[in-house]
Amino acid sequence: TVMPVITMLFIGWLCRRKKWVSREGVDNVKFLVTKILLPVAIFNALSTADYSVNTLIQVGIIFVMLIVSLLIGYAMKPLNRGKYQKYTPFMVSVYEGGMIGYPLFINLCGNENLSKIAIIDIAGVLFGFSVYMNLLEQVQDGKKSTVKDVCRSAMKNPAFIAAVLGVVFGLTSVISRLVASPAGEVYSAVINLATSPLTPMILIVVGYDIAPDKTILKESLRTIFLRVCLQALMIVGVLFAMNRILGGDTIRDIAVICYMSAPATFSMQSFLKDEDSSRYASTTNSLYCIVSIAVYVVLASVIAG
């Protein structure tokens with residue numbers, strides 16, 4: 001379970017180290033993954049998921065947790081001194097579900113359980129394109145984004161569109177009826193073919209991007225330590241709330257842990273206009289992937305045991 005993930009990450013790292021694949025080539029693969037394949041997987045998972053009051057409770061718990069973690073992030077700013085201190089709340093909250101959480105979870109629980117983590121990520125997507133990006137815009141440019149700006153940004157993101165459409169089609173059971181019809185085999189075959197290379201492609205891209213900048217290593221490690229402490233606390237809180245309110249569900253618990261063990265959203269490093277700040281975010285996130293893999297190894301060991 002562990003070695004295929006490590007192998008794919010190593011191949012990605014080797015592609016950069018040996019210059020077998022150019023940065024432009026990796027960016028093209030990343031575009032294919034984030035703009036086409038991942039949205040297809042998200043749409044299929046959410047459009048075929050079972051929706052109930054429990055679904056709303058899960059989304060609500062994660063949304064509250066995101067707000068709390070961001071607020072605690074502001075309280076942590078004095079602990080992260082230096083020129084990047086202002087980004088502390090944004091680096092210790094939110095999650096890169098698509099590029100890290102999803103593939104690790106799929107490798108543990110299978111593509112058929114993708115809806116478990118996709119439902120959790122609904123809150124992350126909504127929070128990211130509302131509160132998070134609005135506050136980050138203010139910190140970076142000193143201006144407040146309007147509702148129109150936030151909506152325009154969200155509607156340009158294929159993953160957000162896929163999540164919204166997936167929920168709509170899921171609530172109306174359109175795709176579920178399609179799957180049960182004679183055309184269902186064709187639909188399932190197309191989806192399986194389109195999403196089967198998703199996990200290895202993502203892991204190779206992530207491995208390629210693990211290239212920390214040594215000049216800001218100290219600042220990144222300090223931020224990682226703060227994020228690990230905060231997210232460990234948040235994971236315990238979310239698992240307690242969900243199991244207390246909704247009852248036990250091992251696969252859901254694994255989804256929560258995989259999701260909340262991921263680094264901050266990778267889109268942040270491309271959103272930051274200052275080159276030094278972008279490099280800091282990139283270095284911190286790439287190093288945090290090691291934490292995500294370590295958690296994945298522990299989960300795999302527990303499952304195997």
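Summary of computed values
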| read-out | value |
| --- | --- |
| Helices (runs of 4 or more DSSP H) enclosed by the range 126-223 - at least 1 residues per element that are more than 20 Å from the chain's Cα centre (by Cα) and under 21 Å from VAL33 (Cα atoms) | 184-195 |
| Among (1) open to solvent by 40 Å² or more (accessible area, probe 1.4 Å); (2) without any contact (Cβ under 8 Å) to a residue 12 or more places away in the chain; (3) over 30 Å from GLY305 (Cβ atoms); (4) in a helix (DSSP H, G or I), the one test that MET3 misses | (3) |
| Counted residues, the range 40-77 - those being more than 18 Å from GLY124 (Cβ to Cβ) and either in contact with a Phe, Trp or Tyr (Cβ under 7 Å, 6 or more places away or on another chain) or hydroxyl-bearing (Ser, Thr, Tyr) (or both) | 4 |
| Flag for THR215 being open to solvent by 70 Å² or more (accessible area, probe 1.4 Å) and either modelled with pLDDT of 90 or more or within 27 Å of THR283 (Cβ to Cβ) (or both) | yes |
| Condition met for ILE119 (within 23 Å of the chain's Cα centre (by Cα) and surrounded by 15 or more Cβ atoms within 10 Å (Cβ to Cβ)) | yes |
| Subset of the range 51-70 [free of Cβ contacts under 8 Å to residues at least 12 places away in the same chain and over 20 Å from the mean Cα position of the chain (by Cα)] | SER52, VAL53 |
| Any hit, the range 62-70, residues being in a helix (DSSP H, G or I), touching a Pro at 6+ places or on another chain (Cβ under 8 Å) and closer than 25 Å to ALA162 by Cβ | yes |
| Where LEU136 falls short, out of the listed (1) modelled with pLDDT of 85 or more; (2) within 30 Å of THR215 (Cβ to Cβ); (3) open to solvent by less than 20 Å² (accessible area, probe 1.4 Å) | (1) |
| PRO197 on the phi < 0 side of the Ramachandran plot and in contact with a Lys or Arg (Cβ under 6 Å, 6 or more places away or on another chain) | no |
| In the range 77-108, the residues that are outside any loop (DSSP other than H, G, I, E, B) and either among the acidic types (Asp, Glu) or open to solvent by 20 Å² or more (accessible area, probe 1.4 Å) (or both) | LYS77, PRO78, LEU79, GLN85, LYS86, ILE106, ASN107, LEU108 |
| Qualifying residue in the range 234-241 (condition: in contact with an Asp or Glu (Cβ under 8 Å, 6 or more places away or on another chain) and modelled with pLDDT of 95 or more) | yes |
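Table: residues versus (1) closer than 26 Å to GLN140 by Cα; (2) surrounded by fewer than 21 Cβ atoms within 10 Å (Cβ to Cβ).
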position	(1), (2)
ILE191	no, yes
THR195	no, yes
TYR208	no, no
GLY237	no, yes
ILE245	no, yes
ASP249	no, yes
THR265	yes, no
ASP276	yes, yes
THR283	yes, no
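The values are calculated or read from the model by the stated rules, or taken from the named source; none is laboratory data. No experiment lies behind these values; they were computed from the predicted model shown. When we count neighbours, we look across all protein chains shown, and the Cβ atoms used for this are built from the backbone with ideal geometry, even at glycine. Each accessible area value is taken on the protein alone, full model and side chains, heavy atoms only, with ligands, DNA and RNA left out. Shrake-Rupley method; radii C 1.70, N 1.55, O 1.52, S 1.80 Å.
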